[in-house]
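Here, each number is a calculation from the coordinates, and none is a lab measurement. From a predicted model like this one, the values you see are computed outputs, not experimental measurements. When we count neighbours, we look across all protein chains shown, and the Cβ atoms used for this are built from the backbone with ideal geometry, even at glycine.
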Amino acid sequence: MEQLVAVLIDGIIYAAWLFVAAVGLTLIYGVMKIVNVTHGSFYALGAYAAASITGWALGQGMPEWLSYAVLLGAALLVTLVVAPAIERGILRHMYVKDEVVILLITYALFLILEDAIKLVWGVSPLFIAEPYGLLGSFDVLDLTYPYYNLILVAVAIASGLGLFWMLGHTRTGKLLVAVIHDTEVSRAMGINVERMYLFTFTFGSLLAAIGGAFTAPTVSVVPGLGIEVIVLSFAVVVIGGLGSLPGAALGAVIVGLVRSATIHYLPQVELFVIYLVMAMVLAFRPRGLFSIAEARKI
Amino acid sequence: MSADRTPRTLLLLLVAILAAGPFAPQWTLFLLTVALAKGLVVLGLMMLLRCGLVSFGQALYYCVGAYAAGMLGRLYEVSGVLTLMLAGMAASAAVAFVLGFLLARYRSIFFGLLSLALSMILYGLLVKTETLGSSDGFNVLPSTLFGWRPADAWVRYAVLSVAAVAAFVAALAVHRYLGTPLGRLAPAIKDNEIRVEYMGASARTAIHVKYVIAAALAGLGGALAATTVGHIDPEMAYWTTSGEFIFITILAGTGSVIAPFLGALIFGIIQTVAFDLSPNTWQMVLGASLLLVIVFLPEGLWSLFKRRKIA
């Protein structure tokens, strides 16, 4: 019983983390049809910016409870500097190219950003434990969980609902939905698709950076942080269906629960089980669980 | 149409490597051997890319080949390099034959993502397999050629020679294959698959065959890498390894069977030089070169040679 509760709680926390890390990827794919490897870089950028800026602010005597706002602000700052530069400077000249070639371009950018991070922040690990320890912890049965994990869950729910609301109820969101369905017709109707792309890339990357920023207090921020996040978020969005928002949520919950169950019951298969689920889903529903059929082009 | 000069060029390159080897410094021999091993993997990726398919999981077969060779040594104390190479090829080809039934139905990004998932499955398995050294991997037995082990100073040259001959045979075979009807189907599949089927050819079978050949080449490359480096670990199946292979494929281009080896060598040189000059920015140099090649040489470095010939 206790173990089952632990599996559930760990699974939900892990799913929340996965969702925040991956949802931007599915948004960017939905609108721009880009499988974006730099997503992992933005995760790492968010973590580094959050760790260094929050650490600095706390050193200046900032009250500790403000650190959560600073985490968010750091992610926002670093994304607003880097993402538009990448989209405007490089990606927008590449949209005519093949889907797979654009993926390789983002891979090249990922390699470049990986070292840019080392140049800016150095190679030694950064720590900010304050936001993690500040809230204390709560007990479920005999298990102790830090309250900080609830913040992660709250961030996941807020970003999921926020995105849902944005797409359905704001002007920008409705324009985005039009672009998702048909880029060319949207263009003909007078939608500024280039601006939508810039917005989507920045916003999707921001979600990755927020994921990194709120993970930073729970880990040591080291080079290579974004590398595993890339494949994990690929797995999550592929399981749910590339470009589908409810799909990303479902994918995160599935991967989260499966991973925490294997960690508790069968730790030998922990890593491989995620990719097994991904392969199974691709084998039986190649376009993911939430997907729309697409006609073959002649 | 001009005469086919590729076999002659390949033979010249082989002779050049064998002749220059004894006089070259040891580290260049190592660099060249690793480049040949990676070039074999890339040769397979090039065949797939000619159909418009990009496998983000070719490291799967590189790793299977390496572990097949390594485990033969570990479990049965087999050290004959030819046996190890054949074992690597056979193991990878067998896995690819089975997985091919699934993968040959997939195209574009989904082909890439499924192959990525499959290679990550192997990575996850190996990391948790303690008898095979988990994430540390294990050391490979020193290999022999027909039971003979050369003196220490000559080991690198001997391994290089074996690799060069293997690469020569593989490149020549693939070159011949590209000229056969099945080989010539590749660009047609890339352009328009439905028309290929109206012609009466099966795109799925063609892709399956190419997939198995590509995997066998990757297995051969993996077995060679295991022999050369003397150590294998699960990182060989990780997605960054696949990324490296695709990187070289794009760098090289699909113009000729020589291109993959040239690409792998240039990749090795960029990596070594950049890593020597500034250990913290070598990935940046690699990323920037990939971007430049995609933008300015969409057909890869090989297109430089082609243009000169026409001029």
Original post:
How much FRET efficiency would the formula 1/(1 + (r/R0)^6) give for B:I270 and A:E2, where r is the Cβ-Cβ distance and R0 is 51 Å, rounded to 0.05?
Top reply: 0.40
Original post:
Semi-axes of the range B:1-112's equivalent ellipsoid from the Cα gyration tensor, sqrt of 5 times each eigenvalue, largest first, rounded to whole Å?
Top reply: 28, 24, 12
Original post:
Going from the alpha-carbon gyration tensor of the protein assembly as shown, what semi-axes, largest first and in whole Å, does one get by taking the root of 5 times each eigenvalue?
Top reply: 42, 29, 24
Original post:
If you stretched the chain out fully between A:V140 and A:A85, how much longer would it get, using 0.36 nm times the residue separation minus the C-alpha to C-alpha distance?
Top reply: 15.2 nm
Subject >> Modelled FRET efficiency - R0 45 Å, B:L12 with B:F97, Cβ distances, 0.05 increments >> reply: 0.80
Subject >> Cα-based equivalent ellipsoid of the range B:6-238: semi-axis lengths in Å, sorted from largest, via gyration tensor >> reply: 31, 23, 13
Subject >> Whole-number percent relative contact order across chain B, with pairs defined as alpha carbons under 8 Å at least 6 apart >> reply: 35
Original post:
With each pseudo-label sitting 7 Å past Cα toward Cβ, what's the B:T205-A:A158 distance in nm, one decimal?
Top reply: 6.0
**OP:** Have a look at A:L135, B:G179, B:F146 and report the one farthest towards the positive end of the charge dipole of the protein assembly as shown, computed about the Cα centre with Cβ charges (Lys/Arg +1, Asp/Glu -1).
**Re:** B:G179
**OP:** Could you go through the range A:70-81 in sequence order and give the Karplus-derived ³J(HN,Hα) for each residue, using 6.51 cos²θ - 1.76 cosθ + 1.60 with θ = phi - 60°, rounded to whole Hz, and x for Gly and Pro?
**Re:** 5, 4, 5, x, 5, 4, 4, 4, 5, 5, 5, 7
Original post:
What is the spin-label model distance, in nm, from B:T240 to B:A173 if the labels are put 7 Å beyond Cα along the C-beta direction?
Top reply: 3.2
**OP:** Could you check how many percent of all C-alpha pairs in the range A:23-226 are farther apart than 28 Å?
**Re:** 33
**OP:** Name the most mobile residue of A:F138, A:F127, A:F19, meaning the one with the largest mean-square fluctuation, in a Gaussian network model of chain A with Cα contacts below 10 Å.
**Re:** A:F138
Original post:
Within a Cβ distance under 13 Å of B:G263, other residues only, what is the Lys/Arg minus Asp/Glu net charge?
Top reply: -1
**OP:** Lys and Arg at +1, Asp and Glu at -1: add these up for the other residues within a Cβ distance under 13 Å of B:L45 and post the number.
**Re:** +2
**OP:** Highest first, please rank the peptides B:175-182, B:83-90 by the mean number of other Cβ atoms sitting within 10 Å of their residues.
**Re:** B:83-90, B:175-182
Original post:
In nm, to one decimal, how far is the B:V295 label point from the A:Y147 one, both placed 7 Å along Cα→Cβ?
Top reply: 5.0
